[in-house]
Structure formats: C-alpha cells, structure tokens
1. Which of (1) touching a strand residue (DSSP E or B) at 6+ places or on another chain (Cβ under 7 Å); (2) buried (at least 17 other Cβ atoms within 10 Å of the Cβ) is the odd one out, the single condition E231 does not satisfy?
2. What's the number of the condition A75 fails, among (1) modelled with pLDDT under 90; (2) surrounded by 11 or more Cβ atoms within 10 Å (Cβ to Cβ); (3) of a type in the set (A, V, I, L, M, F, W, C)?
3. Of everything in the stretch 153-163 that's more than 9 Å from the chain's Cα centre (by Cα), of a type outside the set (A, V, I, L, M, F, W, C) and within 16 Å of L178 (Cα to Cα), which residue is surrounded by the most Cβ atoms within 10 Å (Cβ to Cβ)?
4. Answer yes if at least one residue in the stretch 155-166 is in the same structural domain as I228 (by TED's automatic domain parsing), farther than 18 Å from V222 by Cβ and not in a helix (DSSP H, G or I), and no otherwise.
5. Of the residues S229, S236, S218, which is in contact with a helix residue (DSSP H, G or I) (Cβ under 9 Å, 6 or more places away or on another chain), small (G, A, S) and either assigned by TED's automatic domain parsing to the domain that holds G155 or without any contact (Cβ under 8 Å) to a residue 12 or more places away in the chain (or both)?
6. Any chance the stretch 100-114 includes a residue that's touching an Asp or Glu at 6+ places or on another chain (Cβ under 9 Å) and either among the aromatic types (F, W, Y) or within 21 Å of H201 (Cα to Cα) (or both)?
7. Can you tell me which of (1) charged (D, E, K, R); (2) outside any helix (DSSP H, G or I); (3) in contact with a strand residue (DSSP E or B) (Cβ under 8 Å, 6 or more places away or on another chain); (4) surrounded by fewer than 24 Cβ atoms within 10 Å (Cβ to Cβ) is the one R144 doesn't meet?
Amino acid sequence: MEGKDLRAGSVAAVKGVKNPAKLARVVMEKGDQSRHGNSVRAYSRWELKSHRIIIAGSTVCSYPTDHIQLCGEGASLFSRSMGFDEVSDNELRTSRATERLEKFLAEQNVSRGSDTIGAVAIDSSGCIACCTSTGGILGAMKGRVGDTPQIGSGGYSDNLVGGVSTTGDGECIARVTLARLILFHMEQGLTVEQSLKKSLHYMKEKTGCDIGGAIVISSSGVIGKGFISPEMSWASLKGNELRWGFSHSDDYMETLLDM
C-alpha cells in the first residue's frame, strides 16, 4: 500500500507464486483505483471497458480495474497473465516446514507459529509505503485467510500520518484492524510509541491474544516498533544507522560505511 493516494493491492490463497508480495504490487500498480466504484459495472468475467487478458481463449481478467484484492484461482490466473513464473508446491515447501507439519498432524506439542515479514519505508518526498507477506499458520483450515492481505489489518499507509506493518495472531489483529488502529491514535496526537502501546494493549484486552507486534514510520520520519509477544525480530535503517533487535530489551546499533 502507498500513502499518497491510498492505493493498495493484495493477494490471498494464491498458489504457484514464489513472491506473492510482488504480485500484490502488480495488483495495485496495474489497476485504476482513482475511479469511483459506481462507475464500474460488474460482469462475471470482469469485462471492463479496457483491453483484456486472454488465456486459453477465454477472458479471465481485464485492467485497469479498481480491485484491490484477488484471491484463489483468480489471483493465480492474474499472476500468469502478468508473466509470473509458476512454481511447484515442492519448490515453496522447506524441509523444516514439512517436519513441523508432520509433528503437528501427529498431535505433538508444536507451536503453530507464523512466518510473517513486513517492511515500511518513506522516501525523500515523504511518500510512505508498506508491505506485509506471510505463509500463514501451521495447520490452518483450507481457505483460511489471515490478517496479512486485509487492508488496515496487515498494513496501512497514509502520507499524512505514517505507515504500519503488523505481525502476530492474524485473527486477533484482524478483529481490531491493528494497522489502521495504530495510525488512528497517531492522528489523535499520540506519539508512535504511545500509539503502538495503546493499540496492542487494546487488542490483548479485547481478544485475549498476547501475540502481536508492529513496525511504524511516522510522516515526520520517526521509526517505532512494539510487540506484546515475547519476541519479534526487527531492524531499521535511517541514513547509515542500522538498528536491530529480537527481545524487548534489544536495541543494537551499527554505523554502515559507504552508504
């Protein structure tokens, strides 16, 4: 998502795509999200008044479109139409993931965990962008969609306020739309740190979840991170100053050369 015009793109339950985040960006950039929704007529094959993409003799999608999210088969078709290489499940499955799934299915004590990764950036003109990507949770039901591709939950950007990317228990994050909630508190005048703390406390209080965190950049360039889970890997780069950590007390710093 980018914060200038609030354009966004996301994909969910997509198969055969090595880098879903890149596909989500194409959903955002190939569309025309400046149009009002009532100017788009709905057709079963998305037959909008523009050039169409033809696969195997059938119209599967058209652009520009104001869609911000594609899922399942539609996302896979769009991926191929945009020239993304299709990869097999085996190429996307690590030996560690396979081992953890086998233990989970055998009802052994294995943490469901998550493998979410996110980024937020601001450029010299003040434009803010965020991206969040995940492989989901261990043992999820078929068809489950978590917080990551949901605009306002997995991430949100607004040049007037800031940008956020979240991680943690997806169901709980989505229930409070955590990313947008953090920016809401910033809009009300709270600092980045205060907004993170208040939003995460609210999520824990309302849902009972204690696994969650977020990274933030404000419109003025203030960088922040916060989490209520025991650990969250994070890193930030401002100028040539690199900071990173893992536990609540970590705040390592290194000055990079030749930046």
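The values are calculated or read from the model by the stated rules, or taken from the named source; none is laboratory data. As the structure is a prediction and not an experimental result, all values here were calculated from the model. Virtual Cβ from ideal backbone geometry, glycine too; neighbours counted across all protein chains shown.
1. (2)
2. A75 satisfies all of (1) modelled with pLDDT under 90; (2) surrounded by 11 or more Cβ atoms within 10 Å (Cβ to Cβ); (3) of a type in the set (A, V, I, L, M, F, W, C) except (1).
3. Pass one, the stretch 153-163, residues more than 9 Å from the chain's Cα centre (by Cα): 157-163.
Keeping just the survivors that are of a type outside the set (A, V, I, L, M, F, W, C) gives 157-159, 162-163.
Then drop every residue that is not within 16 Å of L178 (Cα to Cα), which leaves 157-158, 162-163.
Details: S157: 28, D158: 19, G162: 28, G163: 30.
Once the filter is applied, the top-ranked residue is G163.
4. The initial filter retains those residues of the stretch 155-166 that are in the same structural domain as I228 (by TED's automatic domain parsing), namely 155-166.
Going one step further and asking which of them are farther than 18 Å from V222 by Cβ, we end up with none.
No, the conditions are met nowhere in the stretch 155-166.
5. Numbers: S229 fails: in contact with a helix residue (DSSP H, G or I) (Cβ under 9 Å, 6 or more places away or on another chain); S236 fails: in contact with a helix residue (DSSP H, G or I) (Cβ under 9 Å, 6 or more places away or on another chain).
Criteria check complete, one pass: S218.
6. Within the stretch 100-114, one or more residues are touching an Asp or Glu at 6+ places or on another chain (Cβ under 9 Å) and either among the aromatic types (F, W, Y) or within 21 Å of H201 (Cα to Cα) (or both).
7. Unmet for R144, out of (1) charged (D, E, K, R); (2) outside any helix (DSSP H, G or I); (3) in contact with a strand residue (DSSP E or B) (Cβ under 8 Å, 6 or more places away or on another chain); (4) surrounded by fewer than 24 Cβ atoms within 10 Å (Cβ to Cβ): (3).
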